[in-house]
Structures are given as structure tokens and as C-alpha cells.
Amino acid sequence: MHSQETVSQALRLHRAGLGARRIAERLDLPLATVRDWCGGRVPRHSRRDDSTARSEPRCERCGFPSHDFINLPSTYVYLLGLYLGDGCISAGRRGVFRLRIALDTRYPGIIWSAASALAEIRGGTSHIQAQAGNWVEVSGYSKSWPCLFPQHGPGKKHERRIVLAGWQLELVGRWPDQLIRGLIQSDGCRFNNTGRGNWIWPRYSFTQTSDDIRAIFCDACDHMGLHWTQAGTRIYVSRKADVARLDQFIGPKR
């Protein structure tokens, strides 16, 4: 029999937004057991705690108990970068929202990473749907997407203010590399820069028409001590040491 503390910890992670599979992996528990607990079938010794959790104030937007945003994993920060770059959220029936991320079919590794991150944050599965041309949509459904991404709103992102919430800033402060990774994999690239004398050197660029999202990218670079320059709507990271550091967790698109 699992201890009351183990059950309580699993339920806290579930209320924070983690899916049953992710919780089972983190706590080294059987997946079927965690699914039972998340579905309300908890051991007798933990029913009081579960009843208390059910009576907690609920989110006015999605109806779930108050979110424990600050305990979200680094994968969330990566997904935030993808969303700010090429993602959108649309409303469906019965209060369910769909998060969609547009990605190039030439980079199956990025598609797989995006699908895995999306499935991990909300649990269950994600969907990959081919679109006309050379791109796909990676998507998933949840009532909590607008809670997890409060930047959601009417109109295009570059036509309205985009400001990170306090809890998002704290998570980005922990994992600025994951935000940069998501932003570059969606709206950036690594390429070889050339000049006189036939010299060639790799550099990174991030292109975004939203002033706010560019500022978010630059703030993350500053947090990591990366030097950047700007030309119009494009941000460059060019210094040898900085490129080498980005190569450690991004690298060429694949």
C-alpha cells in the first residue's frame, strides 16, 4: 500500500497540471495506479486529503483547483518558447481549448520534441497533423491552456502586448535555456555567416515581429550572459563562446 504522503504528492502534481504518465515517472509509480488516483479512486487513508483538495478554491477560467504553476517542469518553459514563436490557442466546444504549434516538416526532431513536451505538460497524447505545403500542426486539447499561457488573447501576438506573468518569469529564471531553445526552434535558426576573405562562422538568429517577444528572448539571453545584437526584427547571437554555448542545447535544426 502506498503511503498517504505519496498519494498526496501525486494529487498535488495532478492539480499543478501534470498528466498521469509524467507523475508516474517522477514518483516511480505504476501508471494505472496514478490514473486511478487522478480519477478520484484514492485509498481510504487519503480520502480526507482528496476531499479537502476538491473543496479548494477553483480557477474561475477552467474550473480546476487553484493551479500550482510554480512547480511546472522545465518542459513547460520549452513549450512556452514554441508557443510564443509559432503557437496559437483556439476555443472549442464545452470550454475545451486547442493549443497548436506550426512546425516545418524538414525538422522531424523538433516535431517530435514539441509533441512530447505538449503531451507531458497536459498528459495523454498530442496530435501531429500534416498541412498543405511543408508544415505540420502539433496540437493538444485542454481546458487549462489559457491558464497555462495567459498570453492568449484575441488577435495576432505581434499586434497586442505580450507580457510574462510573475510565475512564468520565475520559471524562465530557472531555465532560460529552454525558453531560448523553444523560441529559436520555432522562429529562429543556426546558420553559417560569411565575410571577406572567405571566412565562415556559425551564428544564431531569432526573427520576430513582436517587440515584446523579442524583448523576452533578449532578456533570456541576458540571464545566460549571452551577447546579442539586433538588426530590425532580427536578433543575432554571434560571438564564438556564445554560439558554442547555444550549441550545447540547440544546435542545427533537425
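The values are calculated or read from the model by the stated rules, or taken from the named source; none is laboratory data. Note that the structure is predicted; figures quoted are calculated from it, not measured. Cβ atoms come from the backbone with ideal geometry, glycine included; neighbour counts cover every protein chain shown. Accessible surface is based on the protein model in full, side chains and every heavy atom, while ligands, DNA and RNA are left aside. Shrake-Rupley method; radii C 1.70, N 1.55, O 1.52, S 1.80 Å.
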Exercise. Picking from 250, 200, which residue would you name as being modelled with pLDDT of 95 or more and among the aliphatic types (A, V, I, L, M)?
Worked result: 250
Exercise. Do any helices (runs of 4 or more DSSP H) entirely within region 1-109 hold 1 or more residues that are modelled with pLDDT of 75 or more and closer than 30 Å to residue 218 by Cα, and if so, which?
Worked result: 74-86
Problem set entry | Complete set of residues in region 112-170 that are farther than 13 Å from residue 99 by Cβ, in contact (Cβ under 8 Å) with a residue 60 or more places away in the chain and of a type in the set (Phe, Trp, Tyr) | 167
Exercise. Would you call residue 187 out of contact with any Lys or Arg (no Cβ under 9 Å at 6 or more places or on another chain) and either closer than 22 Å to residue 156 by Cβ or open to solvent by 40 Å² or more (accessible area, probe 1.4 Å) (or both)?
Worked result: yes
Problem set entry | Restricting region 190-218 to residues that are within 24 Å of residue 100 (Cα to Cα) and of a type in the set (Ser, Thr, Tyr), the residue that is surrounded by the most Cβ atoms within 10 Å (Cβ to Cβ) | 210
Seminar exercise, completed: Considering residues that are in contact (Cβ under 8 Å) with a residue 12 or more places away in the chain, surrounded by 11 or more Cβ atoms within 10 Å (Cβ to Cβ), of a type outside the set (A, V, I, L, M) and in a helix (DSSP H, G or I), the number found within region 220-246 is 4
For this session: Quickly run through region 26-35 and pick out the residues that are farther than 13 Å from residue 124 by Cβ, of a type outside the set (A, V, I, L, M, F, W, C) and surrounded by 14 or more Cβ atoms within 10 Å (Cβ to Cβ).
Result: 26, 33
Problem set entry | Residues that are open to solvent by less than 40 Å² (accessible area, probe 1.4 Å) and of a type in the set (S, T, N, Q), drawn from region 104-119 | 113
Exercise. Based on what the data block shows, is residue 123 under 30 Å from residue 18 (Cα atoms), small (Gly, Ala, Ser) and modelled with pLDDT under 95?
Worked result: yes
Exercise. Are any residues in region 110-131 out of contact with any Gly (no Cβ under 8 Å at 6 or more places or on another chain), more than 18 Å from residue 185 (Cα to Cα) and outside any strand (DSSP E or B), and if so, which ones?
Worked result: 131
For this session: With the condition kept exactly as written, say whether any residue in region 216-233 is small (Gly, Ala, Ser) and closer than 30 Å to residue 14 by Cα.
Result: yes
For this session: All but one of (1) open to solvent by 50 Å² or more (accessible area, probe 1.4 Å); (2) within 25 Å of residue 253 (Cβ to Cβ); (3) at pLDDT 90 or above hold for residue 133, so report the exception by its number.
Result: (3)
